[in-house]
Structure formats: structure tokens, C-alpha cells
Amino acid sequence: MTDPAIPSAYVRDKRTPTPSRDELRARIPGWGVDLNPADRPSYPKLQYPADTGAHWDFPERQPEKWPRERSIEHAFVTPVFGTAQPPKGLSGVVRKFAYARFSEGRLAHWLLLVAGDRIDAAEHHLRSFASARPDVPATGLRTELTRGGLRSRRGRSDARHHVLDPVVVAGPWLAAAGAAVLGVRKAARALGR
């Protein structure tokens, strides 16, 4: 015999029969109001063929100028797709690999796409050094020093993290500069031999 305090849904051997529609309708107000299709608010919309005014059964496909990345679950890309940012560089290779190898239901697919975004950001930072306007690593530093940056931070709930801000902003740039110095030294030693 089962304990009445434990709901029967959580017992291995369910002894109570499933209630009928009439029992459920009597016990739960509003149960089954959408069983009859005529009572559904969306019922007229469910009638096919719907008159949409479209002159096609399947829309014309946008031409692919290069093979687009698409999920392995789909036979083809959608009829219209974006072409503003074609995949390029190492980030494009990572993104194409994520779509070609892993399903959208796999964590590896999404982690590779996130890694591709980070690689793309690094590629743009490196590309900015070759332009006339490189990225500024310490954006807002002058304002912090001249416009009362510490005074404006007083009393905020994240005040204990202010010590880490310079490390987070400048740390990667200092590490990259250190790696560049070590690389130049190693190259100079190799050429000096």
C-alpha cells in the first residue's frame, strides 16, 4: 500500500487509473477548452491553404557566392541569409569547423563559435596596429585620473573589484608586449650566431 502523503506520480507502480476527460473537466476549471478546434482562437489560421498573398510555394533562393556555414541538421541554408561578414582568417576556419563537425545540440559547437569570436577580436586588434588609428589599450585612463574616477566609485557595491580593473585592462597588453620583447630577443640571438 502506498503512503497517501506521496503523490502517485512519484511511485514506481502507479495504481490509480488516469482520470477521464469528464473527470478532469469537472475537477479542473477550464480543462480541455481547446479540445474542440472550433473553440480555438487560432482555428481559422490553421486552415490550409492559407491565403498569404505569396506568389510562390517556396521562396527564391539567394545565390551563394561562397559555401555558407550551416548546421549539419539542415539540408540547406535558409532562402535568405546574411553576407555582410564572410568568414575569414583563423576565426573563419574555426567557425567552419564548428558547423561542419558538430551538431548545434553539442557544447563543442558553441564553444568553438565562442572561440572563433575571441580569435576574430584578436585578429582585429592586430590588424588595427597596421592602420592609422590603432586600438587604444587603456581607454578611459586619462578620464579616470583627471575627472575624479576614484571619487565616482566610492560607495558602489563592486568597489572591492576596483583593484583588479588595471590588471584586467592592461594585463593582456603587458603580456603581449612581454611576449613580443622575448620574441625579438630570441630572434636577435638566433641572428647573432
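Taking N as the number of residues in the range 13-149, what is its Cα Rg relative to 2.2 N^0.38 Å?
Its radius of gyration relative to the 2.2 N^0.38 Å reference: 1.92.
Could you give the nm distance between label points at Ala170 and Trp56, where each point is 7 Å from its Cα heading toward the beta carbon?
5.7 nm
Could you check the spin-label model distance between Leu90 and Asp22? Points 7 Å from the Cα along Cα→Cβ, value in nm.
Taking the simple label geometry, Leu90 and Asp22 are separated by 7.2 nm.
If you add up the charges near Ser91, with Lys and Arg at +1 and Asp and Glu at -1, over every other residue whose beta carbon is less than 15 angstrom from its beta carbon, what do you get?
Working: positive: Lys88, Arg95, Lys96, Arg118, Arg127; negative: Glu69, Asp117, Asp120, Glu123.
Every neighbour counted, the sum reads +1.
Computed from the coordinates by the stated procedures, all read-outs in this text should not be read as laboratory data. Because the structure is predicted, anything quoted here is derived from the model rather than measured. With ideal geometry, Cβ positions are generated from the backbone for all residues, glycine too; neighbour counts draw on all protein chains shown.
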